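**Student:** Let me give you the structure first, and then I'll get to my questions.
The values are calculated or read from the model by the stated rules, or taken from the named source; none is laboratory data. From a predicted model like this one, the values you see are computed outputs, not experimental measurements. Reconstructed Cβ throughout: ideal geometry from the backbone, glycine too, with neighbour counts over all protein chains shown. These accessible areas exclude ligands, DNA and RNA; they are computed on the full protein's heavy atoms, side chains included. Shrake-Rupley method; radii C 1.70, N 1.55, O 1.52, S 1.80 Å.
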Amino acid sequence: MVPINTAHTTPLNTRVANALGAEDSSVRLKAALAVGSNPDPAFLDLLVERCAVEPDFYVRDMLSWALTRLPPEIVLPRIRPELDSEVDQARSQALHTLSKIGDKSTWAWITWDMLRDADDEVARTAWRVAVVLVPEGEEKGLADELVPQLGRGDRDVQLSLSRAFVDLGDVVKSALEKASENPDPDVAAHARATEMLRQDPQTGFDTAIEEAKRVVRLGPERAADAAAAADAAAAAALASAGTEATEAADC
């Protein structure tokens, strides 16, 4: 059984709390959907509290959706304290809900410490919401604050940061170029891969990061020479195959 807060004592709140705390995640998901489909401020506290303890990603997302169905003027003050919670998930889910609401006035709530949070999920969510809320003209400052996170974490963490940079647009170019010369090969490769994605969003992250690592390992000039040699070899192979095909047809 997922823990529930028994402080909600009305019969309806008790039934909803029990459903949101059910053992079966599908029951919890349906309960969150039902609450969101019939928004009632009476469930505000319950929804926020559930966000901090709900173990299933899809249910958590539905809980945040249910919160967005309530008036922002009552939701925002309630989730503000969650940003300072000692519970990592409470902070992360409060940030996620902020990104869904998208109220630009809450930009001041996003601190640089959140962008550097020790918990990867909190930091990833902070990056995403910061990009959503950043005021016009402050994008470069945000990019500069994100640069120290380059090279951090596993593939998913790095992909999240790359997406944040890409969403910030052209203002990140100089910051990424500088970071691509970082002596730490992980930082340099991540910066180069992110710039590749920025220039061509259709490039897959895995392809970009592997190419960036190759460039960092060989150095830009040697990597360019190797790429040119590979292109020449491929062209020669195609030409040779065409000649053989023509000779075979003449026979």
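**Student:** Heads up, I need the accessible area for residue 138: 1.4 angstrom probe, whole protein in place, Å², nearest 10.
**Tutor:** About 90 Å², ignoring ligands and nucleic acids.
**Student:** Once you order the gyration tensor axes a ≥ b ≥ c over the Cα atoms, which shape class does the stretch 70-180 get: rounded for a/c under 1.5, otherwise prolate or oblate by comparing a/b with b/c? Each step should come with its number before you reach the end.
**Tutor:** Numbers: a/c = 2.35, a/b = 1.48, b/c = 1.59.
Here the stretch 70-180 falls in the oblate category.
**Student:** Shifting gears a bit: Does the stretch 48-123 come out rounded, prolate or oblate, given a ≥ b ≥ c as the square roots of the eigenvalues of its C-alpha gyration tensor, rounded meaning a/c under 1.5 and, failing that, prolate meaning a/b above b/c? Please report the intermediate quantities before stating the final value.
**Tutor:** Values: a/c = 1.75, a/b = 1.07, b/c = 1.63.
Oblate is the answer for the stretch 48-123, as a/c is 1.5 or above yet b/c matches or exceeds a/b.
**Student:** To continue, here is another question. Set the Förster distance to 22 Å, then compute FRET efficiency between residue 210 and residue 167 from the Cβ-Cβ distance, nearest 0.05.
**Tutor:** Values: r = 23 Å, r/R0 = 1.03.
Result of the calculation: an efficiency of 0.45.
**Student:** In a shell of Cβ-Cβ distance under 14 Å around residue 73, excluding residue 73 itself, what net charge do Lys and Arg (+1) and Asp and Glu (-1) give?
**Tutor:** Counting the neighbours of residue 73, the net charge comes to +2.
**Student:** Identify, among 87, 37, 67, the residue whose Cα sits farthest towards the positive end of the charge dipole of the stretch 8-89, taking +1 on the Cβ of Lys and Arg and -1 on the Cβ of Asp and Glu, with the dipole about the Cα centre.
**Tutor:** The residue sitting farthest along the positive end of the dipole is 37.
**Student:** For residue 154 and residue 105, FRET efficiency with R0 = 22 Å and r from the beta-carbon atoms, rounded to 0.05?
**Tutor:** 0.05
**Student:** With a cut-off of 16 Å, note down the residues of the stretch 128-161 whose backbone N falls inside the zone around a label point 7 Å from the Cα of residue 186 toward its beta carbon.
**Tutor:** Hits in the stretch 128-161 for residue 186 at 16 Å: 147-161.
**Student:** Which value results when the Cα radius of gyration for the stretch 1-93 is divided by 2.2 N^0.38 Å? Mind showing how you got there, number by number?
**Tutor:** On the way: Rg = 12.0 Å, N = 93, 2.2 N^0.38 = 12.3 Å.
For the stretch 1-93, the normalised Cα radius of gyration is 0.97.
**Student:** May I ask you to give the solvent-accessible area per residue for the stretch 6-58, in square angstrom, as obtained with a 1.4 angstrom probe? Walk me through the numbers on the way to the answer.
**Tutor:** Details: 2760 Å² over 53 residues.
Heavy-atom accessible area per residue stands at 52 Å².
**Student:** For residue 88 and residue 14, what does the FRET efficiency come to when R0 = 25 Å and r is the distance between their Cβ atoms, rounded to the nearest 0.05? Don't skip to the end; give the middle numbers.
**Tutor:** Values: r = 28 Å, r/R0 = 1.13.
Efficiency computed from Cβ-Cβ geometry: 0.30.
**Student:** Another one. How many Å² of accessible area per residue for the stretch 67-158, probe 1.4 Å? Mind showing how you got there, number by number?
**Tutor:** Values: 4310 Å² over 92 residues.
Per-residue value: 47 Å².
**Student:** Moving to a separate point now. For the stretch 12-151, would you read off the P(r) tail past 24 Å as a percentage of all alpha carbon pairs?
**Tutor:** Details: 3021 of 9730 pairs.
Summing the P(r) of the stretch 12-151 above 24 Å gives 31 percent of all pairs.
**Student:** What's the carbon and sulfur percent of the stretch 65-167's accessible surface, probe 1.4 angstrom, rounded to a whole number?
**Tutor:** Working: 2240 of 4760 Å².
Here it works out to 47 percent.
**Student:** Considering Cα pairs under 8 angstrom that are at least six residues apart, work out the relative contact order of the stretch 56-132 and quote it in whole percent.
**Tutor:** Values: 62 pairs, mean separation 22.1, N = 77.
It rounds to 29 percent for the stretch 56-132.
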